Amino acid sequence: MMMFALLALPMAMQGQVKYHDVELNEATGPVKSITQDVMGNLQTTLFSEDGKMQREGISNPVYDADGYLQSFKMEVQGMEMSVTYKWENGKVVSQTMDMGGQGFTISRTYNEQGAPATESMNFGGNEMVSPYTDYKYDDHGNWISRKGSMMGQEMEQTRTITYYE
């Protein structure tokens with residue numbers, strides 16, 4: 001019996017840490033990478049097999065005991081920006097960005113498939129709502145295309161997702 005307990009210990013310790021960075025990036029499952037166009041630049045976010053995000057420029061990530069990212073820092077145009085998240089039921093409901101004392105918050109609502117239905121940005125009392133529609137999903141149920149609208153301008157967002165399998 002004692003031998004079994006010793007053999008089981010290392011296996012029990014494996015997989016204890018599970019990160020929810022895939023969900024942070026609006027996806028689920030064994031995601032290996034997400035590549036998307038961000039303001040004219042292709043950005044690829046890699047994920048370890050335990051779900052931890054690896055993206056260039058991110059420093060000082062802080063996770064809660066359940067593996068949900070709470071905050072991180074990154075450099076933007078030579079200034080440090082702090083990003084903090086508020087989670088509810090495994091989804092990000094708000095994201096606050098602060099750079100040099102100037103901050104704004106993005107709040108999200110979700111559709112029945114679990115993808116963002118709207119993002120609302122609050123810039124010092126001025127609110128701008130961006131709805132997302134016309135979602136297309138891959139065979140894992142993650143969105144790969146959607147239409148967004150910002151200030152009356154409609155645009156299509158696409159992304160490529162690779163998986164561990």
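Quick notes on this structure:
- When Trp143 is tested against (1) open to solvent by less than 30 Å² (accessible area, probe 1.4 Å); (2) over 16 Å from Thr28 (Cα atoms); (3) among the hydrophobic types (A, V, I, L, M, F, W, C), just one condition goes unmet, and that condition is (2).
- Scoring Glu165 on the criteria (1) open to solvent by 80 Å² or more (accessible area, probe 1.4 Å); (2) over 26 Å from Gly29 (Cα atoms) leaves a single failure, condition (2).
- Evaluation of Lys73 against the conditions (1) of a type in the set (Lys, Arg); (2) out of contact with any helix residue (DSSP H, G or I) (no Cβ under 8 Å at 6 or more places or on another chain); (3) within 18 Å of Tyr163 (Cα to Cα) shows that the sole unmet condition is (3).
- Any pair with Cβ under 6 angstrom, 6 or more apart, that starts in the stretch 130-158 at a residue that is farther than 19 Å from Thr109 by Cβ and ends at one that is modelled with pLDDT of 90 or more and not in a strand (DSSP E or B): His140/Gly29; Ile144/Asp138
- Out of Ser120, Ser149, sole residue that is of a type in the set (Gly, Ala, Ser) and farther than 18 Å from Gln36 by Cα: Ser120
- Residue check for Asn122: in contact with a strand residue (DSSP E or B) (Cβ under 7 Å, 6 or more places away or on another chain), open to solvent by 60 Å² or more (accessible area, probe 1.4 Å) and at pLDDT below 90: yes
- Taking the criterion of being at pLDDT below 90 and of a type in the set (Gly, Ala, Ser), the only residue of the stretch 60-89 that qualifies is Gly78.
- Scanning the stretch 59-81 for residues that are over 15 Å from the mean Cα position of the chain (by Cα), open to solvent by less than 50 Å² (accessible area, probe 1.4 Å) and either more than 19 Å from Leu46 (Cβ to Cβ) or among the β-branched types (Val, Ile, Thr) (or both) yields Val76, Met81.
- Among (1) in contact with a strand residue (DSSP E or B) (Cβ under 9 Å, 6 or more places away or on another chain); (2) modelled with pLDDT of 85 or more; (3) exposed (fewer than 14 other Cβ atoms within 10 Å of the Cβ), the one test that Glu127 misses: (2)
- Matching residues in the stretch 147-161 - criterion: being open to solvent by less than 60 Å² (accessible area, probe 1.4 Å) and modelled with pLDDT of 95 or more: Arg159, Ile161
- Which listed residue, of Glu56, Glu49, is more than 15 Å from the chain's Cα centre (by Cα) and under 16 Å from Asn25 (Cβ atoms): Glu49
The values are calculated or read from the model by the stated rules, or taken from the named source; none is laboratory data. Just so you know, these numbers come straight off a predicted model, no measurement behind them. Positions of Cβ are backbone-derived with ideal geometry, glycine not excepted, and every protein chain shown enters the neighbour counts. With ligands, DNA and RNA removed, areas are computed over all heavy atoms of the protein, side chains included. Shrake-Rupley method; radii C 1.70, N 1.55, O 1.52, S 1.80 Å.
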